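Q: One structure coming up, written as structure tokens, with questions to follow.
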Amino acid sequence: MFNRIIKRANRKVPKSDASEPAVYPYGATAAGGAPVVSASNVTVNHASRTTLSSSVAGAAPNSHPQASSGAAAAAQIEALPLFRDVPVPERQALFLRKLQICAMVFDFSDTLKSAREKEAKRQTLIELVDFVQSGSGRITEPVQEELVRTVGVNIFRCFPPASHENTGSENADPEEEDPYLDPAWPHLQLVYELLLRYVVSSDTDTKVGKRYIDHSFVLRLLDLFDSEDPREREYLKTILHRIYGKFMVHRPFIRKAINNIFYRFIFETERHSGIGELLEILGSIINGFALPMKEEHKLFLVRALLPLHKPKPVGIYHQQLSYCITQFVEKDYKLADTVIRGLLKYWPVTNCQKEVLFLGELEEVLEATQPAEFQRCMVPLFKQIARCLNSSHFQVAERALFLWNNDHIVSLIAQNRSIIFPIIFEALEKNMQGHWNQAVHGLTSNVRKMFLEMDSELFEECQRQYMEKKEKAKALEEQRELAWRRLEAVVAAKAAGEEMILVN
């Protein structure tokens, strides 16, 4: 068997195969270290990262130039005139030739390799960006097709393994990991800028553009949000937001695709670099929702946004998440009860830093909550707040007490004080009698004084009930100790009697 394998390996390549140009993944090099171009019809798989190197939809296989040696690369990057040096009718053809130069992908792991060709490509990209931005003329459909294909060749690629995949430490904190900065960024930035200028250009016809910026393109653009490079995610955020605004036909698909990314993050991986940027896009999308709100949007809140409070790295994207949640409540105040109960469902038990974040978000939601919705959820809400007041972590207790600095929340509490006072009175008294932190002690005293001034009779009634409950608990403890002493006496008498019998 071994000999058969060796013979098969040494078999000559047929001429038909040998005549085909060599195909390499992004960042690979041919013999002699020459830069090579990713083939548009090849998919490169990585064991642990999403495959992003498939071709742009609609692009012809092997339609971009290939470079298999340094001489071939130098030959293909020919010196082309500037746009201003050619007649207007010829500029579209020149644009197409410049795009073909930019379809070449180089290896940036070695800064000295193919330096002249890289610089020529960079200058060409700058020219293309300036041409599109200047609005010198409507871009023809073949040029649009080639532009989108060229962008795809450059940006759709396999990411290197994440740091936790290299080390095998799955429990590493994503906040403490250093992001990977792509060495190809000087070119990638210009490619993203070209795509952005194409999308926002008033000369771009959406009826034509949607044929090339299609669902497949958008889906792979969303996959790139897992890039560790924050500069790339910032460009992706802007571009996707512009695509959402310009290509209305893609809006439901984009929302559904983002949902799927969230579901996988929440229920499978709990690792994704671009959750914060996706939430920023959604924040502006939610702000534009029409009223009455569709059932689809309410389901998105319940099934995707609220469960995003569950993953451990919520601190990385909590600010954007909190903004989205608050936008829902401000859009439709009837959702306040749903949101507050959702927060209580995912309330952290042992993570004090997450509790502080939750309390901050809770205050923002309560500011937009109307009295009717507040009454529906105030009992479980203030039971949780009472537990926070008694937290031994002073930041949690302090943040909970800061709720009484908000005038709207104080007014909601005052309107329902007969129900809320008895729930939190005991927590306040425990803080006064035994909390170790002086700042918490002082804030508790202020809240207690506020209650006294708000309704002295109710305060006295709550104090009387608290004292009665305390006395009952003390009496019960005494009865329990007495019962144990009696039991110990009976056991001791029985043991003494058995000892006497043995002696006799």
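Q: Out of all the residues in the range 383-399, is one or more in contact (Cβ under 8 Å) with a residue 12 or more places away in the chain and hydroxyl-bearing (Ser, Thr, Tyr)?
A: Checked the range 383-399: at least one residue is in contact (Cβ under 8 Å) with a residue 12 or more places away in the chain and hydroxyl-bearing (Ser, Thr, Tyr).
Q: Ok, one more. Is there a residue being assigned to a loop (DSSP other than H, G, I, E, B) and touching a helix residue (DSSP H, G or I) at 6+ places or on another chain (Cβ under 6 Å) anywhere in the range 319-340?
A: No, every residue in the range 319-340 fails to be assigned to a loop (DSSP other than H, G, I, E, B) and touching a helix residue (DSSP H, G or I) at 6+ places or on another chain (Cβ under 6 Å).
Q: Looking at 306, 359, which is the one that is in a helix (DSSP H, G or I), hydrophobic (A, V, I, L, M, F, W, C), within 17 Å of the chain's Cα centre (by Cα) and at pLDDT 95 or above?
A: 306
Q: So, residue 173, is that one at pLDDT below 95, open to solvent by 50 Å² or more (accessible area, probe 1.4 Å) and within 22 Å of the chain's Cα centre (by Cα) or not?
A: Details: at pLDDT below 95: yes; open to solvent by 50 Å² or more (accessible area, probe 1.4 Å): yes; within 22 Å of the chain's Cα centre (by Cα): yes.
When the stated conditions are applied, residue 173 passes them.
Q: Name the residue, out of 317, 244, 263, that is at pLDDT 95 or above and open to solvent by 40 Å² or more (accessible area, probe 1.4 Å).
A: The conditions single out 263.
Q: Taking the criterion of being at pLDDT below 90 and more than 17 Å from residue 193 (Cα to Cα), would at least one residue in the range 121-135 satisfy it?
A: No, there is no match, as no residue in the range 121-135 is at pLDDT below 90 and more than 17 Å from residue 193 (Cα to Cα).
Q: So, one more: Does residue 357 satisfy being open to solvent by less than 50 Å² (accessible area, probe 1.4 Å), of a type outside the set (S, T, N, Q) and touching a helix residue (DSSP H, G or I) at 6+ places or on another chain (Cβ under 7 Å)?
A: no
Q: Within the range 432-449, how many residues are of a type in the set (A, V, I, L, M, F, W, C) and either over 15 Å from residue 410 (Cβ atoms) or not in a helix (DSSP H, G or I) (or both)?
A: So the answer is 4.
Q: Additional query: Taking the conditions exactly as written (closer than 18 Å to residue 156 by Cβ, part of a helix (DSSP H, G or I) and within 19 Å of the chain's Cα centre (by Cα)), does residue 256 satisfy them or not?
A: Considered against the rule, which asks whether it is closer than 18 Å to residue 156 by Cβ, part of a helix (DSSP H, G or I) and within 19 Å of the chain's Cα centre (by Cα), residue 256 comes out as no.
Q: Restricting attention to the range 73-125, and to residues there that are part of a loop (DSSP other than H, G, I, E, B) and hydroxyl-bearing (Ser, Thr, Tyr), which single residue is least open to solvent (accessible area, probe 1.4 Å)?
A: If we take residues in the range 73-125 being part of a loop (DSSP other than H, G, I, E, B) and hydroxyl-bearing (Ser, Thr, Tyr), then 114 is least open to solvent (accessible area, probe 1.4 Å).
Q: Being more than 28 Å from residue 363 (Cα to Cα) and either in contact with a helix residue (DSSP H, G or I) (Cβ under 7 Å, 6 or more places away or on another chain) or part of a helix (DSSP H, G or I) (or both): is that true of residue 468 here?
A: Details: more than 28 Å from residue 363 (Cα to Cα): yes; either in contact with a helix residue (DSSP H, G or I) (Cβ under 7 Å, 6 or more places away or on another chain) or part of a helix (DSSP H, G or I) (or both): yes.
So residue 468 fits the description; yes.
The values are calculated or read from the model by the stated rules, or taken from the named source; none is laboratory data. Model, not experiment: these values are computed from the prediction. All Cβ positions, even for glycine, are placed from backbone atoms using ideal geometry, and neighbour counts span all protein chains on display. For the accessible areas, the whole protein counts, side chains as well, though only heavy atoms, and no ligand, DNA or RNA atoms are used. Shrake-Rupley method; radii C 1.70, N 1.55, O 1.52, S 1.80 Å.
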